[in-house]
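J.: First the structure, then my questions, so here it is.
The values are calculated or read from the model by the stated rules, or taken from the named source; none is laboratory data. Remember, it's a predicted structure, so these values are computed and weren't measured experimentally. Using ideal geometry, Cβ is built from the backbone for each residue, glycine included, and neighbour counts are taken over all protein chains shown.
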Number of protein chains: 2
Amino acid sequence: MLNIGIDLGGTNIAAGIVDENGKILRKGSVPTGKERPTEEVVKDIASLCFSLLEQEGITLDDIAKIGMGCPGTVDNENGIIAYSNNIRMENVPMREMLSSYFPGKTINLENDANAAAYGEYAVNGGGAKSFVFITLGTGVGGGIIIDGKIYRGFNGAGAELGHIIIQPDGEQCTCGIKGCWEAYASVTALIRQTKAAMEKDPNSMMHEWVADYGKISGRTAFECARKGDSAAIEVVENYVRYISIGLINILNIFQPEKILIGGGISKEGDYLFEPVKKIVYKYDYNKYMPKTQIGAASLFNDAGIIGAALA
Amino acid sequence: MLNIGIDLGGTNIAAGIVDENGKILRKGSVPTGKERPTEEVVKDIASLCFSLLEQEGITLDDIAKIGMGCPGTVDNENGIIAYSNNIRMENVPMREMLSSYFPGKTINLENDANAAAYGEYAVNGGGAKSFVFITLGTGVGGGIIIDGKIYRGFNGAGAELGHIIIQPDGEQCTCGIKGCWEAYASVTALIRQTKAAMEKDPNSMMHEWVADYGKISGRTAFECARKGDSAAIEVVENYVRYISIGLINILNIFQPEKILIGGGISKEGDYLFEPVKKIVYKYDYNKYMPKTQIGAASLFNDAGIIGAALA
């Protein structure tokens with residue numbers, strides 16, 4: 001049997017037909033147009049799914065279940081998107097709305113970060129008893145899988161790992177409070193840190209990099225650090241430390257069998273992960289038992305579709 | 001059926017006969033004498049248990065299982081105390097050693113903080129789907145119960161909630177690193193904070209309190225703050241804030257249905273908990289779903305015995 005996974009984002013709706021091993025057989029996307037009435041967005045979601053079925057030469061009868069990941073607070077028990085700032089939805093009876101297009105089908109709603117975590121777990125988790133997925137992107141997202149099940153907290157609002165406070169009264173976070181991990185370890189934060197270092201050092205190689213590429217990105221400091229620029233090296237060292245502090249906290253709380261880190265920045269590979277692991281293992285409270293595996297996620301944008309389909 | 005719960009501490013061995021509702025029918029304790037060979041400690045544990053059975057007028061046949069909580073890293077799967085600084089044990093085959101006194105009985109080993117958490121959960125958890133127990137004492141201990149099961153991490157070394165870093169490069173923690181929650185929210189930390197405030201303010205009422213009581217304790221600042229001493233009020237306000245930061249992190253990660261806080265300081269009651277709850281609920285990332293219940297634990301030293309017996 002096959003499943004459909006839907007990743008409802010602030011910009012695009014992505015969907016895919018996914019087999020039981022987490023392989024995407026066919027996928028597509030359309031703009032979300034979140035300013036429109038929800039009915040229209042749901043209609044486009046359904047059209048996208050039916051178009052994928054048609055392209056794949058199958059029908060709804062070949063689909064076992066449909067899952068959707070969406071940003072914000074999701075109440076799967078009642079089939080409701082409780083609140084999502086990103087897609088401008090509040091108390092939307094999404095399951096009921098989708099059901100009119102997919103009558104009789106099991107429809108699961110999931111927070112998008114949890115769905116992505118489940119996707120990475122299903123494909124790359126190796127059956128870990130406890131698994132944590134972190135995305136370093138515009139924000140810092142996370143998901144927790146315990147004994148093969150998504151951990152959501154009693155109210156569905158858990159696993160907001162980006163909002164661990166790592167520096168009281170520190171950097172302002174978009175959530176309204178100060179000092180969240182996200183305010184230090186997101187790519188948004190890295191760009192801010194890069195900009196500050198460039199302002200401090202007019203001779204840094206990073207100025208040339210930015211002149212060549214047009215703007216500061218998450219890659220600026222990493223690429224210049226690899227070439228030996230001292231200001232860039234300092235940015236990367238601090239960023240590595242910020243990532244590590246959150247991971248140490250996660251280890252001391254969960255001792256998960258495996259942590260995978262996703263988001264574009266994870267493409268920096270060993271240059272990022274080796275120093276992170278060195279710090280994290282050094283400060284891990286666990287000194288006597290086997291260590292958590294830490295590595296890069298691999299599914300990127302597909303994680304949400306796969307996880308929504310399989311969760 | 002009844003169970004035996006054993007709480008093996010650095011100073012005392014406590015044990016109790018516990019019914020299925022978590023009621024202690026009989027309990028007792030003997031000094032640990034941790035400097036002695038482990039064989040002798042285990043012999044005393046067994047003698048204590050048999051003496052309790054005799055006092056209660058029952059035999060080992062009336063006991064369904066035996067559980068022991070001990071500080072440090074415990075490997076229940078293999079029946080081993082992997083490492084415990086407090087009781088000076090390393091790689092001790094505790095289950096095998098206990099089995100010679102209690103042949104044929106199920107014997108469970110558990111980390112002491114996890115056992116205490118399970119005890120509070122069993123008696124005061126109200127069947128919460130997710131439950132976190134925090135003890136504020138010499139250190140900050142914690143335990144996590146998810147779906148009625150102790151969460152230990154894949155290697156048994158999880159739930160070290162006192163070692164969440166809340167202030168990088170902050171106060172030195174006994175674990176070797178700086179800025180752990182324990183270094184701010186333990187009673188040890190409160191005493192340090194009280195001492196510093198007294199040194200800063202020679203007119204504080206806290207000086208008289210200490211002259212009356214002989215030494216600074218966790219109660220010094222609280223009692224003087226209740227009487228309006230401004231230096232003491234500042235100590236309590238800061239301490240409340242330190243407790244709250246760790247709890248905010250726990251909420252944003254777990255969204256547990258219930259958090260109970262134990263240790264002697266929890267006897268401060270609403271004077272401590274009301275301002276803590278106010279801060280925690282304000283900074284909780286969850287704004288749209290039901291809130292975590294936060295309250296005082298009630299079992300104190302019995303929690304470990306009860307939890308070990310029932311877990």
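J.: Go through B:262, B:295 for me and flag whichever is within 16 Å of residue B:159 (Cβ to Cβ), at pLDDT 95 or above, away from chain A (no Cβ under 14 Å) and in contact with a Phe, Trp or Tyr (Cβ under 9 Å, 6 or more places away or on another chain).
T.: Going through B:262, B:295 in turn, just one is within 16 Å of residue B:159 (Cβ to Cβ), at pLDDT 95 or above, away from chain A (no Cβ under 14 Å) and in contact with a Phe, Trp or Tyr (Cβ under 9 Å, 6 or more places away or on another chain): B:262.
J.: Applying the selection to region A:232-285, what residues are assigned to a helix (DSSP H, G or I), under 23 Å from residue A:147 (Cα atoms) and in contact with a strand residue (DSSP E or B) (Cβ under 7 Å, 6 or more places away or on another chain)?
T.: A:247, A:248, A:249, A:250, A:254
J.: Let me ask something else. Please give the number of the condition residue A:139 fails out of (1) at the interface with another protein chain (Cβ under 10 Å from one of its Cβ atoms); (2) modelled with pLDDT under 95.
T.: Condition (1) is where residue A:139 drops out.
J.: Picking from A:156, A:119, A:176, which residue would you name as being crowded, with 24+ Cβ neighbours inside 10 Å, at the interface with chain B (Cβ under 9 Å from one of its Cβ atoms) and not in a strand (DSSP E or B)?
T.: A:156
J.: Right, another one. I want to confirm something. Restricting to region A:33-92 and keeping residues that are in contact with a Phe, Trp or Tyr (Cβ under 7 Å, 6 or more places away or on another chain) and within 30 Å of residue B:255 (Cβ to Cβ), which single residue is farthest from the other protein chains (Cβ to nearest Cβ)?
T.: A:66
J.: Count, please, the residues in region A:122-136 that happen to be within 21 Å of residue A:72 (Cβ to Cβ) and within 13 Å of chain B (Cβ to nearest Cβ).
T.: Residues meeting the conditions: 2.
J.: Go over the candidates A:118, A:83, A:101 one by one and state the one that is over 16 Å from the mean Cα position of the chain (by Cα) and over 19 Å from residue A:46 (Cα atoms).
T.: Only one candidate passes the filter, namely A:83.
J.: Right, something else. Only one of (1) away from every other protein chain (no Cβ under 14 Å); (2) buried (at least 24 other Cβ atoms within 10 Å of the Cβ) fails for residue A:187. Which number is that?
T.: Just one mismatch for residue A:187, condition (2).
Residue by residue, here is whether (1) aliphatic (A, V, I, L, M); (2) buried (at least 17 other Cβ atoms within 10 Å of the Cβ) holds:
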residue: B:10; (1), (2): no, no
residue: B:16; (1), (2): no, yes
residue: B:20; (1), (2): no, no
residue: B:27; (1), (2): no, yes
residue: B:34; (1), (2): no, yes
residue: B:45; (1), (2): yes, yes
residue: B:54; (1), (2): no, no
residue: B:59; (1), (2): no, no
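J.: Can you tell me which of B:94, B:68, B:89 is surrounded by 23 or more Cβ atoms within 10 Å (Cβ to Cβ) and more than 22 Å from residue B:146 (Cα to Cα)?
T.: Step by step, each of B:94, B:68, B:89 is checked, and only B:94 is surrounded by 23 or more Cβ atoms within 10 Å (Cβ to Cβ) and more than 22 Å from residue B:146 (Cα to Cα).
J.: Among the residues of region A:106-125, is any on the phi > 0 side of the Ramachandran plot and either of a type in the set (A, V, I, L, M) or not assigned by TED's automatic domain parsing to the domain that holds residue A:192 (or both)?
T.: Checking region A:106-125: not a single residue is on the phi > 0 side of the Ramachandran plot and either of a type in the set (A, V, I, L, M) or not assigned by TED's automatic domain parsing to the domain that holds residue A:192 (or both).
J.: Filter region B:218-243 down to residues that are among the β-branched types (Val, Ile, Thr) and touching an Asp or Glu at 6+ places or on another chain (Cβ under 8 Å), then give me how many there are.
T.: Count: 0.
J.: Quickly run through region B:133-147 and pick out the residues that are touching a helix residue (DSSP H, G or I) at 6+ places or on another chain (Cβ under 8 Å) and either surrounded by fewer than 21 Cβ atoms within 10 Å (Cβ to Cβ) or on the phi > 0 side of the Ramachandran plot (or both).
T.: B:137, B:138
J.: Out of the residues in region A:265-292 that are over 19 Å from the mean Cα position of the chain (by Cα) and basic (Lys, Arg), state the one that is farthest from the other protein chains (Cβ to nearest Cβ).
T.: Across region A:265-292, the extreme among qualifying residues is A:277.
J.: Is it the case that region B:103-111 has a residue that's more than 12 Å from chain A (Cβ to nearest Cβ), in contact with a helix residue (DSSP H, G or I) (Cβ under 8 Å, 6 or more places away or on another chain) and among the charged types (D, E, K, R)?
T.: Yes, region B:103-111 contains at least one residue that is more than 12 Å from chain A (Cβ to nearest Cβ), in contact with a helix residue (DSSP H, G or I) (Cβ under 8 Å, 6 or more places away or on another chain) and among the charged types (D, E, K, R).
J.: From B:170, B:179, B:137, which residue is among the small types (Gly, Ala, Ser) and under 30 Å from residue B:21 (Cα atoms)?
T.: B:137
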